[in-house]
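Data first, discussion second: the structure below is written as structure tokens.
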Amino acid sequence: MAYQFSRKGCFKCGNLGHIAESCSSDQRLCYNCRQPGHESSACPSPRTASAKQCYSCGGVGHIQGF
């Protein structure tokens, strides 16, 4: 099955259409809250599944398993 770029965002910048390996953005998103400006180790948001956004569908309350 081919990777569907149109549905899944880049893990580095969050934009659609490419993967992190080919991302040209200098700004990275926090893996915990998906906001720019800090890394997950310094994230001010609580680390709960309800606050996380699924990389696959964009929904909240769960994350995609690999």
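The values are calculated or read from the model by the stated rules, or taken from the named source; none is laboratory data. Predicted, not measured: the structure shown is a model, and the values here were computed from it. Cβ placement follows ideal geometry from the backbone for every residue including glycine, while neighbour counts extend to all protein chains displayed.
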**Fill in**
Filtering segment 40-66 down to residues that are under 17 Å from Cys13 (Cα atoms) and modelled with pLDDT under 70 yields Lys52, Gln53, Tyr55
**Request:** Note down all Cβ pairs under 7 Å where the first residue falls in segment 1-28 and is closer than 23 Å to Ala42 by Cα and surrounded by 10 or more Cβ atoms within 10 Å (Cβ to Cβ), the second is among the β-branched types (Val, Ile, Thr) and at pLDDT 85 or above, and they're at least six residues apart or on different chains.
**Result:** Cys10/Ile19
